[in-house]
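Beneath this line is the structure, given in C-alpha cells, with notes to follow.
Each reported figure results from applying straightforward, stated rules to the coordinates on display, with no laboratory input. Note that the coordinates shown come from a computational prediction; the quantities given were computed from them, not determined experimentally. Cβ: placed from backbone, ideal geometry, glycine included. Neighbour counts: every protein chain shown.
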Amino acid sequence: MSSSAIDIHGLGKRYALGLHGGYGSDTLRERIQHLSRNALRKAVRRGPPARQERFLWALRDLDIKIDSGDVVGLIGHNGAGKSTLLKVLSRITEPSEGYAEVTGRVGSLLEVGTGFHPELTGRENIFLNGSILGMRRTEINARFDEIVEFAEIERFLDTPVKRYSSGMSVRLAFAVAAHLEPEILLVDEVLAVGDASFQRKSLAKMNEVARQGRTVIFVSHNLAIIQALCERVVLLEHGKVMADGPVRSTIDSYLRQLESAASADLLQRTDREGRGWEESMVKRIEVREREGGTADVVVGGRPATIVVHVTEVLPAMECQLTIVDSLGHPLMTMDSEISSERDVRDDELGPRIECEIGALPLLPGRYRIDVLLKGNSHIQDGLQAASFFDVEAGVMDGRPIPVSGAEGNLAVAHTWRLPS
Amino acid sequence: MRELGVASAGPIPILPKPMQTETAQPPAAIAPTMTSETIRLQPTSGFSRVLSPHELWRYRELALQIAVRDITVRYRQTALGAAWAVLQPVGFMIVFTLFFGHLAGVASDGLPYALFSLSGLVPWTYFATVLLLSAESLVNNSALVSKVYFPRIFVPAGVVAAGLVDLGISLVILLVVVFVSGFVPSAAILFLPLLVAMAMLTALGVGAALAAVNVRYRDVRYVIPFAIQMWLFATPVAYPSSLIGEPWRTVSALNPMVGVVEGFRWATLGTGDAPLAMIGVSALSACVLFVAGLAYFDRVERGFADFV
C-alpha cells in the first residue's frame, strides 16, 4: 500500500524568457539572420555568441515523494510552479534537470474540455475526450451511461457540442474526466465550473474518487476544498518546496507566508498580474473604519474604507477589490468599472483610490484583499493577498452579528415577520 | 455554497452525502497489474518517443479516435459532403484538359487527355490535401498538445489516415471513368496499395517535419501552399514523364510523387510499360523522407508544449 507512486528527485524546469523563448526570434527570417550572425561571429572569433542566457526556473531542486493512495494538495502563489509541476508529471513537457519516477497510469485533468470538438456530437466527444484522457474504448463503453447521467445531457447526446450552452459543455467535460480511472490523478483547479449545485456534485465526485485508494494530486486556490479532500499538502514557492506535511500545518504556513508577503513592501513582490504594464503599481492597501482609526481592524456592521495607495495617477484609473476569507474563498468583489452615480473622481485625492463600504457585512474573522488596478485602458497591476484585516464582532442594522457557530460569512440588514 | 464558509479547525462539513448510491460498481476496476510500470521522466535526447513502438501501441486507441474525428469533422455541415472528394480532382481535370490538353496540346502518352490527367490528379489531390492539413495539424490542435500527453505524431498521422477515405471515393470514380472509357485495368492494379503507401509515407514524413517547424515558426503556413504548387509542376500530373529523356526520367523519380503518379496511371489504366524503375526509386526516396521527417519530428517533439 505504501509503495511510492511518484518519486521526484532534484527536478527542475526552465523556460527561456522572451516572446517565443529560445533564440529571441519568432519568425524564420530572424532565426536565420541570428544563426548566420552567430556563425560569422564565431568565424571571426569576436566574443561569445549573441545568445542571451535569460531563463526562468519555474521549478528547481524539487524533491517530493508521494505514496500510492495519498491524496495530496498542491498550493502556492500564482507562478509558484504548481501547474508546471503537473505538466511535467503528466508528460506534457519535459523537465530540464533531475527526474520524476511515476508508477501507474496517469490521468490528468489540467483543463476541462480539452480536445472537445465543436462539430462533433456529445456522444462522439465523449469517446474522443475519453481516449484523450487515457481511457480505453471498452472502459468508456462501460461507463457511458453513467457519464451521460452525471452530465445531465441525455436529450442532447446527438447534438453537436457547438450548440451546447457553456454550462452543458462544461458539465459534459467534467463528467468524462470524473469517470476516468487512472491510478494517479492530477487535477488542476477544475472544480470551479458550472452552477453551484453542479459544483457540489463535482466535489462529491472528487471526494469519492479520493476515497477509492487512488493517488491524487490536487491543485487549488480554494483552501476549503483542499482541506476537505487532502491529507497532505505541499506548499510551493518560487519553484521550491516551502512546506510539506499535514493539511492543517501547511495551510497555516501558507497563510502566514501570504500575510508576511502582504505586510512587507508590496512593490517588492514579483507575483504580479500586471502583464508588464505596471505604469502604476499598488504600494499599500489599508482598511480602516474612518480617517485616523486603527489600521486593518474594522467592526462588522460599521462603515469601513479601503484605501489603495498607488505609485502613479493615470488617466481613467479603475480598481477592483475582492475580499477573500481565510480559506481562500472569495466573498465579494467591488469593481469601480461598474459605476454608480455616487462615485466621484477627485483631482485633489492624490495617488490613492478609496472604496467606502457603508456597513461592512462580514462576520468576525480574518480576511484578505486581492486587488486589480487598471489605467490607460490596461490592467496595470494585480496582487493576490495584498492586504489582511481583522473584523471584530459588531451590530448590523441594530441586530448583533453572529459570532460563532453560524454558517456563512456575511451579515446583511434584514427584518423578520413572525407570528405572535 | 454555504458549506465552505466555516473557518474553524477540523474537518469542514463541505461534502453532502454521496450523490449516487455506490451500488453500481465496486471501485475495484483499477486493475493495477497490467499498467503499474514505472516511467522515469527526465531530460532526454535523441530518439525516445515517436519511434518507440511500445509507446505508439499503448496509445493506439487514441490514434484511431483522432483519425475518426478528422474524418467525421471533415464534411460535417457541408452541403455537398463527400462529393468534395470527387469535385476537386474532377474540377482540375476539366481545367487541365481545357488548357493543357486542348489549348497547349500537351502530350498524354496516347491516352485521352482527360483520363490521363484524372489518373494523376487522384493520387496528387490526396497527397496535396493531407500534406497541407498535416503541416497545420499541430498548431490547429494546440489546445490538445499543451494539455495532454500522447505521442504527438498521431496528430499529423491522423490527418494522413483520414484522407484515405477521400482517396477511396475518388479512386472508385476514377475506375468507373476508366471502365466507361473502354479501358480495363490489368493485374498491375495490385500495385495500388504500394503506391498509396508511398504517398502516405511521403506526406507523413514531410508533413510531420513541417508541422514541427510550424510550431516554432508560423512562416511555414505561408510557404506551404506555394511549395505545393511548385511540387505539382515537378510531378507529371499535367504532362507525361516520357517528355523527359532517360536517365533524367528515372532520376526525377527521386521526387516520390513521380513514381506514385506514373504508377497510378499504369496500374489503373493498364496501358504502357511498367514504370518499375521509377516506382523503385520513388519508394526508396519516400522511405528516406519518411524516416528523416519523423526523426526531425522526434527531436523537437519534447518542446512542442512550450512553444505551441
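Brief remarks on what is shown
- Averaged over A:208-218, number of beta-carbon atoms from partner chains that fall within 10 Å: 2
- Range of Cα positions in the protein assembly as shown per principal axis (Å), largest first: 104, 71, 54
- Solvent-free Debye scattering, log10 I(q)/I(0), computed from the Cα coordinates of segment B:50-96 at q = 0.14, 0.17 Å⁻¹: -0.57, -0.67
- Between the listed residues B:GLY205, B:ALA188, B:VAL178, the Cα displaced farthest toward the positive end of the dipole of segment B:106-244, a dipole computed from Cβ unit charges relative to the Cα centre, is found at B:GLY205.
- Average beta carbon contacts from partner chains per residue of A:93-106, 10 Å cutoff: 5
- Distances between placed amide hydrogens fall under 5 Å for A:THR121 paired with A:VAL161, all partners being 5 or more residues away or on another chain.
- Calculation over all alpha carbon pairs of segment A:170-314 in 10 angstrom steps from 0 returns a P(r) of 9, 27, 26, 25, 11, 1 percent.
- Residues A:GLU337, A:GLU318, A:GLU392, arranged from fewest to most other Cβ atoms within 10 angstrom of their Cβ, appear as A:GLU337, A:GLU392, A:GLU318.
- Every Cα-Cα pair of segment B:99-142 was included, and the share exceeding 17 Å stands at 51 percent.
- When chain A is treated as a GNM with alpha-carbon contacts under 10 Å, the residue of A:ARG163, A:ARG248, A:ARG155 showing the greatest mean-square fluctuation is A:ARG155.
- Reachable lysines from A:LYS201, criterion Cα separation under 23 angstrom, eight or more residues apart if same chain: B:LYS17
- Long hydrophobic helices in chain B, taken as whole DSSP H segments with a C-alpha length of 18 Å or more on their own axis and mean Kyte-Doolittle hydropathy at least 1.0: B:83-96, B:113-140, B:154-180, B:192-216, B:220-233, B:276-301.
- With kT/(6 pi eta Rh) evaluated at 25 °C and eta = 0.890 mPa s, and Rh the Kirkwood radius from Cα pairs, segment B:200-308 diffuses with a coefficient of 162 µm²/s according to Stokes-Einstein.
- Its alpha carbons give segment A:343-384 an Rg and a Dmax of 13.7, 38 Å.
- Exposure proxy order (Cβ contacts within 10 Å, fewest to most) of A:ASP145, A:ASP296: A:ASP145, A:ASP296
- Each pair of Cα atoms in chain A enters the Kirkwood radius, and Stokes-Einstein at 4 °C and 1.567 mPa s then converts it into a translational diffusion coefficient of 52 µm²/s.
- Projected area averaged over orientations for segment B:77-205, convex hull of C-alpha atoms, nm²: 9.9
- Under the Debye formula (equal points on every Cα, no solvent term), log10 I(q)/I(0) of segment B:173-243 at q = 0.14, 0.15, 0.16 Å⁻¹: -0.69, -0.76, -0.83
- Calculated on alpha-carbon atoms, Rg and Dmax of segment A:72-120 in Å: 13.5, 42
- A:GLU101 long-range amide H proximity, modeled H, under 5 Å: A:ASP7, A:ILE8, A:HIS9, B:LEU41
- Distant-in-sequence amide H partners of A:MET332 (H built 1.01 Å from N, under 5 Å): A:ILE323
- Under the shape rule built on the C-alpha gyration tensor, where the axes satisfy a ≥ b ≥ c, segment A:55-202 is prolate, since a/c reaches at least 1.5 and a/b is greater than b/c.
- Calculated Rg and Dmax of chain B using C-alpha coordinates, Å: 25.0, 91
- Proximal lysines relative to A:LYS240, as straight alpha-carbon distance under 20 Å, when same-chain residues fewer than 8 apart are discounted: A:LYS13, A:LYS65, A:LYS82, A:LYS87
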